[in-house]
Amino acid sequence: MLFGIGAEEFGHVEMLATMIAQLLEKAPLGITEDAVQADPTVAAVLGGTDLQHAIVAGAGARPVDSMGNPWQGSYVTASGNLLADFTANANAEMQGRLQVARLYHMTDDHGIRDMLSFLLARDTMHQNQWTAAARELQEAKIEELPVPSNFPLKKEAREVSYQYLNFSDGKAAAEGSWASGPTPDGKGEFTYHEGPTTSAPMPPATHPDSRFYGTTEIPNTVEKMAGTVQDKLNRE
């Protein structure tokens with residue numbers, strides 16, 4: 001399943017890149033109004049050309065998002081825990097299908113709509129695949145909620161594990177299924193608590209090493225002297 005979906009997603013990138021290239025092939029570089037035509041850059045933009053596509057990629061597709069931010073490794077979720085990753089993948093498919101659905105209503109081009117219709121359908125399939133795979137993990141007791149399920153529950157503060165803390169106006173939140181009744185992980189019961197559970201005082205401000213030149217309530221002359229002493233005591 002992992003290899004299958006991964007290979008298909010590479011194909012989707014190729015489809016989208018080809019679509020962008022075809023749309024940009026005859027993108028206008030100007031419009032006829034003399035007032036705007038006098039400025040080639042403005043003319044190109046108003047005519048429908050993305051300057052980055054034109055200048056950087058020569059009317060080709062670029063590996064960036066709609067704002068020009070490059071794709072990077074931070075997009076990848078690979079925690080090593082399959083239940084966490086499968087759930088994240090299902091969410092990614094939901095976000096992707098949501099955006100494709102919005103794009104669908106932004107065009108009346110039949111060819112583009114046909115392709116987007118196909119991508120919507122495949123996102124439907126992938127959402128269901130990841131959800132089904134996550135369910136299998138839980139049914140087989142390979143992974144369970146809460147993730148990670150093999151961390152000993154006795155080592156967490158169980159008295160607040162299922163406690164809803166109300167920080168909103170009113171008590172309407174107490175009526176939700178997240179504030180009473182059995183928890184989805186099957187290991188406890190939700191409880192409701194009005195407001196924070198503690199009123200511990202704020203700790204005193206920390207004082208970083210003087211050589212970081214942070215601002216504290218200590219006079220600068222004292223900070224300088226402290227830094228000099230630290231240099232002498234910690235000479236490498």
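Miscellaneous remarks
- Residue within segment 145-157 that is free of Cβ contacts under 8 Å to residues at least 24 places away in the same chain, part of a helix (DSSP H, G or I) and farther than 26 Å from residue 4 by Cβ present: yes
- If you check 91, 81 for being at pLDDT 95 or above and open to solvent by less than 70 Å² (accessible area, probe 1.4 Å), only one passes: 81.
- Here is the figure for segment 215-228: residues that are surrounded by 11 or more Cβ atoms within 10 Å (Cβ to Cβ) and either among the β-branched types (Val, Ile, Thr) or closer than 30 Å to residue 146 by Cβ (or both) total 4.
- Here residue 212 meets each of (1) exposed (fewer than 10 other Cβ atoms within 10 Å of the Cβ); (2) of a type in the set (Phe, Trp, Tyr); (3) touching a residue at least 24 places away in the same chain (Cβ under 8 Å) with one exception, condition (3).
- Residue list for segment 162-197, restricted to those being open to solvent by less than 40 Å² (accessible area, probe 1.4 Å), touching a residue at least 24 places away in the same chain (Cβ under 8 Å) and within 30 Å of residue 139 (Cβ to Cβ): 162, 185, 188
- Among the numbered conditions (1) modelled with pLDDT under 95; (2) in contact with a Pro (Cβ under 8 Å, 6 or more places away or on another chain), the only one that residue 145 does not meet is (1).
This table checks each residue for (1) part of a loop (DSSP other than H, G, I, E, B); (2) under 25 Å from residue 137 (Cα atoms); (3) among the small types (Gly, Ala, Ser); (4) without any contact (Cβ under 8 Å) to a residue 12 or more places away in the chain.
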residue	(1), (2), (3), (4)
52	no, no, no, no
58	yes, no, yes, yes
62	yes, no, no, yes
78	yes, yes, yes, yes
84	no, yes, yes, no
88	no, yes, yes, yes
92	no, yes, yes, no
96	no, yes, yes, no
101	no, no, yes, no
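- Exactly one residue among 76, 100 is under 21 Å from the mean Cα position of the chain (by Cα) and farther than 19 Å from residue 4 by Cβ, and that residue is 100.
- Restricting segment 12-22 to residues that are among the aliphatic types (A, V, I, L, M) and in contact (Cβ under 8 Å) with a residue 12 or more places away in the chain, the residue that is nearest to residue 60 (Cα to Cα): 21
- Checking the stated criteria, residue 17 turns out not to satisfy the condition of being aliphatic (A, V, I, L, M), modelled with pLDDT of 85 or more and touching a helix residue (DSSP H, G or I) at 6+ places or on another chain (Cβ under 7 Å).
- Residues that are assigned to a helix (DSSP H, G or I), modelled with pLDDT under 90 and open to solvent by less than 80 Å² (accessible area, probe 1.4 Å) do occur in segment 65-74.
- Checked across segment 116-135, the condition of being open to solvent by 40 Å² or more (accessible area, probe 1.4 Å) and in a loop (DSSP other than H, G, I, E, B) holds for no residue.
- Filter result for the condition that a residue is modelled with pLDDT of 80 or more and among the hydrophobic types (A, V, I, L, M, F, W, C), over 51, 2, 46: 2
The values are calculated or read from the model by the stated rules, or taken from the named source; none is laboratory data. Keep in mind it's a predicted model, so treat the numbers as computed, not measured. Heads up, the Cβs are rebuilt from the backbone with ideal geometry, glycines too, and the neighbour counts pull from every protein chain shown. These accessible areas exclude ligands, DNA and RNA; they are computed on the full protein's heavy atoms, side chains included. Shrake-Rupley method; radii C 1.70, N 1.55, O 1.52, S 1.80 Å.
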